[in-house]
Amino acid sequence: MKAFYMLLISCLFQNLFFAQTDSLRDKNQEIYKNTTDERCKADILKVRQDAKNGNVYFLVLPAPQLEEFLPENELKNLLAANDIKWGGLQFASDISAFNPNDCYASEHNKLTEEKFGEKAIGNLIAKSYELFVKNNFRRVFEMSEVDAKPRTNIENEKNIENLFWANLEEPTGYTIRKPPEHLSYVEVDFLIDQRGKATDLKINSKFQNPKNKKHTKFFQKKLKKLVNGTRWEPNTYKGFAVKSRANFRINLILL
């Protein structure tokens, strides 16, 4: 019975502690929000004063996806040609109600869009992507920058692997090992240009059993022929064809 009362008292203290903690947190959030509201009001008044010297536009990037905005210079020049000052990049908060930094940029954008039209500003942003691609024709785009993985007449990488093994005869003298010991592979890194041509092939391979290294050319030649014989489609950045990097690895698990 004594243990029961001790447990009951402990639970009461815990409930009281967490209730006080929640109350303190809510109070701090309310204070912070009120402070933020006051700062926003001050920022809005400042923006309306600053706007008398010209319109400003900030590009707001959503959080938490902090995507890099590549055509910053192109957009800056397009805005300047329309008598709009470039404010820079503004990273929005996923808790915007408590982010005072949003107010200054959003108020500038509001006034600019009211004067020039939201659609017109959107067209300038879209144009900046097009100009960036034209100005960087030789640039190699990484996989993290393009719209999607390289597209081909083959549906997916698994089918590419299936084609690799199709009609492949086991090389004479190849030592067979079973998973999970088997760590051998052959891989290729290459570029796909704006016309869909595969270039700059770099093929590498690894064999767990040193005796199988004598078959390096056999597997690399097969993979090279597969890549060169595949009809690729150029990858895209914001819908525009670009030169991009691609790579595939074939795990030698069927032998």
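Here are the numbers:
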{"read-out": "HN-Hα J in Hz across segment 198-206 - Karplus 6.51, -1.76, 1.60, θ = phi - 60°, x for Gly and Pro", "value": "7, 9, 6, 5, 10, 10, 9, 8, 9"}
{"read-out": "Carbon plus sulfur fraction of accessible area for segment 162-231, probe 1.4 Å, in percent", "value": "50 percent"}
{"read-out": "In order through segment 132-147: 3J(HN,Hα) via Karplus (6.51 cos²θ - 1.76 cosθ + 1.60), integer Hz, x for Gly, Pro", "value": "4, 5, 5, 6, 10, 4, 8, 5, 9, 8, 7, 4, 6, 9, 7, 6"}
{"read-out": "Heavy-atom accessible area per residue - segment 216-255, 1.4 Å, Å²", "value": "56 Å²"}
{"read-out": "Most to least packed among 121-131, 165-175 [average Cβ atoms within 10 Å]", "value": "121-131, 165-175"}
{"read-out": "Chain lengthening between Lys110 and Leu131 when straightened (0.36 nm per residue, less Cα-Cα)", "value": "5.0 nm"}
{"read-out": "Radius 13 Å from Cβ of Thr199, net charge of other residues (Lys, Arg +1; Asp, Glu -1)", "value": "+4"}
{"read-out": "Extension reserve of the Lys197-Asn159 stretch, reckoned as 0.36 nm per residue once the Cα distance is removed", "value": "11.7 nm"}
{"read-out": "Ala241-Lys206 FRET efficiency (beta carbon distance; Förster radius 22 Å; 0.05 resolution)", "value": "0.05"}
{"read-out": "Protection proxy ranking of 138-147, 236-245 - average other beta-carbon atoms within 10 Å, highest first", "value": "236-245, 138-147"}
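The values are calculated or read from the model by the stated rules, or taken from the named source; none is laboratory data. This one's a predicted model, so the numbers in the text were calculated from it and none came from an experiment. In this analysis, Cβ positions are derived from the backbone assuming ideal geometry, glycine residues included, and neighbour counts consider all displayed protein chains. Heads up: the accessible areas ignore ligands, DNA and RNA and are worked out on the full protein's heavy atoms, side chains in. Shrake-Rupley method; radii C 1.70, N 1.55, O 1.52, S 1.80 Å.
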